[in-house]
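Worksheet for the structure shown next.
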Amino acid sequence: MKSKPRPEDPRPHKDPQPQTTPAPAPREDVHVAANRCPFCHDGVTPRESVVCKTCLARHHEACWGESGACASCQGSERLRSLPKVSAFTVLCLAIALAGVSVTALLGLLRDGQVSLPLAVSLGVMLSSFGVVAGRYLQDRPRR
C-alpha cells in the first residue's frame, strides 16, 4: 500500500525569533566596586578585610563579627592571614643564612669535599642572593 504524499504547507516556514528583553536603565544609586562588603555593601580595602574561605568574599571585620558568617554563602570559616614579618627580620635571616652557607662551603672546600670551581660558583650564587635581597628591601616603600 502506497502512502499519499503529504501536501506542502502553504504558509511560509519561519524560524522562531528569541524574545529579547530590553536592558534595564542604569541607576545612579547603584555603585559597582570590585571589593564591596556583602553585609553592608560599602567598599572594603584588602588591608581591612576578612575573606571568606569558601567564596572569597571580602567583609569588614565588624561586619563579619556582627553576622558571624559570610553574608554571601553563609560560610563560617575565613582565610587566615600570614604573620607580618618586618624587612629587618628578613634581612637578618638572609644574612644569617648566607653566613652559615659560606662557612659551610669554606669547610667543605678545606676538607676537599668540594672542588674550587664549584665553591666559587656557589659563592657567586650566595652573593647574588644577598644583592637581590638588599635591592628588594631597598625598593620597598617605607612606612
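The values are calculated or read from the model by the stated rules, or taken from the named source; none is laboratory data. Computed from a prediction, not measured in an experiment: that's the story for all the values here. Here Cβ is always computed from backbone atoms with ideal geometry, including for glycine, and neighbour counts include all displayed protein chains.
State whether the residues of segment 27-35 include one that is closer than 23 Å to residue 84 by Cβ and either part of a loop (DSSP other than H, G, I, E, B) or modelled with pLDDT under 90 (or both). Before the answer, list the steps.
Looking only at segment 27-35, we keep the residues that are closer than 23 Å to residue 84 by Cβ, and these are 35.
So of that shortlist, the ones also either part of a loop (DSSP other than H, G, I, E, B) or modelled with pLDDT under 90 (or both) come out as 35.
So far as segment 27-35 goes, yes, one or more of its residues are closer than 23 Å to residue 84 by Cβ and either part of a loop (DSSP other than H, G, I, E, B) or modelled with pLDDT under 90 (or both).
The set of residues in segment 70-84 that are of a type in the set (A, V, I, L, M) and either modelled with pLDDT of 70 or more or surrounded by 13 or more Cβ atoms within 10 Å (Cβ to Cβ) (or both) comprises 71, 79. When residue 63 is tested against (1) modelled with pLDDT under 75; (2) surrounded by 13 or more Cβ atoms within 10 Å (Cβ to Cβ), just one condition goes unmet, and that condition is (1).
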